[in-house]
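*Asks:* My structure is below; once you've seen it, I'll send some questions.
The values are calculated or read from the model by the stated rules, or taken from the named source; none is laboratory data. Since this is a predicted model, take the numbers as computed values, not measurements. So basically every Cβ, Gly included, is an ideal-geometry build from the backbone, and we count neighbours across all protein chains shown. For accessibility, only protein heavy atoms count, side chains too; no ligands or nucleic acids. Shrake-Rupley method; radii C 1.70, N 1.55, O 1.52, S 1.80 Å.
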Amino acid sequence: EKFYKKTYGRKYDFSGIAIPQADDIFVWPVCVAGDIPAEDWLSAGKDPLPFWKYTNKKLDDVLDTSFGRDGWDRQYIVRFRANEEADEDLKKVSAIKIGEMGIDTGTLKERLALGRFLYWDRKIILDRETITICAGSRYSDGSVPGVHWYDDGLGVFWYGPDDAYGHLRARQAVS
């Protein structure tokens, strides 16, 4: 709640929202304010970091909000593993395969929220070596968002839903 107040100048109350039950490895809860657009998660309101994105359009204009949780406009909590790099066990696994396997993974908004909060709270920078493919999201053309820290800034890219490389990894979520 302090993060949202300081970063976005907005007051949120997450006290009535249940934290999803999960194994002990899912220790990073992310309180997501669904009404904050993806573009604002990237630019981070009053606490900006340098960033780059593959398009000159707003992310919300190219995001398919009918896919996954990106279209949710309510507050909710999702949990992730405490990994600075995306999940090792999901490397070389495409977004299509993740869907076929029924694995719940993070969305673009959730990955940006996780990264922004951890940087604000602990100065942790995620994905210096790997790229988190946000298999829980899609762009309107069917491609999959990817997030990576490059040089000194945050980058948002796109990948094919069948791309499966060692540096592309999803982050499993519990929602």
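*Asks:* Name the single residue, out of those in the stretch 39-64 being of a type in the set (D, E, K, R), outside any loop (DSSP other than H, G, I, E, B) and without any contact (Cβ under 8 Å) to a residue 60 or more places away in the chain, that is most open to solvent (accessible area, probe 1.4 Å).
*Replies:* Looking at the filtered set, the residue picked out is Asp61.
*Asks:* For the list (1) in contact with a helix residue (DSSP H, G or I) (Cβ under 9 Å, 6 or more places away or on another chain); (2) assigned to a loop (DSSP other than H, G, I, E, B); (3) modelled with pLDDT under 95; (4) of a type in the set (A, V, I, L, M), I need the number of the one condition that Ala22 fails.
*Replies:* It fails just one condition, (1).
*Asks:* Enumerate the pairs (first residue in the stretch 136-165 and at positive phi; second residue anywhere and assigned to a loop (DSSP other than H, G, I, E, B) and open to solvent by 10 Å² or more (accessible area, probe 1.4 Å)) with beta-carbon separation below 9 Å, excluding pairs fewer than 6 apart on the same chain, so at least 6 apart or on different chains.
*Replies:* Pairs that qualify, where the first residue is at positive phi and the partner is assigned to a loop (DSSP other than H, G, I, E, B) and open to solvent by 10 Å² or more (accessible area, probe 1.4 Å), are Gly142/Asp64; Gly142/Gly160; Gly142/Pro161; Asp151/Pro50.
*Asks:* Assess whether Lys6 counts as being surrounded by fewer than 18 Cβ atoms within 10 Å (Cβ to Cβ) and modelled with pLDDT under 90.
*Replies:* no
*Asks:* Within the stretch 109-117, is even one residue assigned to a loop (DSSP other than H, G, I, E, B), under 21 Å from Pro29 (Cα atoms), open to solvent by 10 Å² or more (accessible area, probe 1.4 Å) and touching a residue at least 24 places away in the same chain (Cβ under 8 Å)?
*Replies:* There is no residue in the stretch 109-117 that is assigned to a loop (DSSP other than H, G, I, E, B), under 21 Å from Pro29 (Cα atoms), open to solvent by 10 Å² or more (accessible area, probe 1.4 Å) and touching a residue at least 24 places away in the same chain (Cβ under 8 Å).
*Asks:* Check the stretch 157-170 and report whether any residue there is in contact with a helix residue (DSSP H, G or I) (Cβ under 8 Å, 6 or more places away or on another chain), within 19 Å of Ala33 (Cβ to Cβ) and buried (at least 23 other Cβ atoms within 10 Å of the Cβ).
*Replies:* No: zero hits.
*Asks:* Next question. Restricting the search to the stretch 162-175, which residues are farther than 14 Å from Ile103 by Cβ and part of a loop (DSSP other than H, G, I, E, B)?
*Replies:* Selection gives Asp162, Asp163, Tyr165, Gly166, His167.
*Asks:* Out of curiosity, is Ile17 over 24 Å from Asp152 (Cα atoms), in a loop (DSSP other than H, G, I, E, B) and not basic (Lys, Arg)?
*Replies:* So Ile17 passes the test.
*Asks:* Among the listed residues Lys6, Lys11, identify the single one that is farther than 11 Å from Ala113 by Cβ, in contact (Cβ under 8 Å) with a residue 60 or more places away in the chain and in contact with a helix residue (DSSP H, G or I) (Cβ under 8 Å, 6 or more places away or on another chain).
*Replies:* None of the other options fit; the residue is Lys6.
*Asks:* Further, regarding this structure: Would you please name the residue that is surrounded by the fewest Cβ atoms within 10 Å (Cβ to Cβ), looking only at residues in the stretch 17-30 that are closer than 19 Å to Arg69 by Cβ and free of Cβ contacts under 8 Å to residues at least 60 places away in the same chain?
*Replies:* Residue satisfying both the conditions and the ranking: Ala18.
*Asks:* Which condition does Ser143 not pass, out of (1) more than 21 Å from Gly102 (Cβ to Cβ); (2) under 11 Å from the mean Cα position of the chain (by Cα), if it passes all the others?
*Replies:* (2)
*Asks:* Among the listed residues Ile77, Ile98, Ile36, identify the single one that is in a loop (DSSP other than H, G, I, E, B) and open to solvent by less than 20 Å² (accessible area, probe 1.4 Å).
*Replies:* Checking each option against the conditions leaves just Ile36.
*Asks:* I want to confirm something. Restricting to the stretch 80-95 and keeping residues that are in a loop (DSSP other than H, G, I, E, B) and of a type outside the set (A, V, I, L, M), which single residue is farthest from Ala38 (Cα to Cα)?
*Replies:* Residue satisfying both the conditions and the ranking: Lys92.
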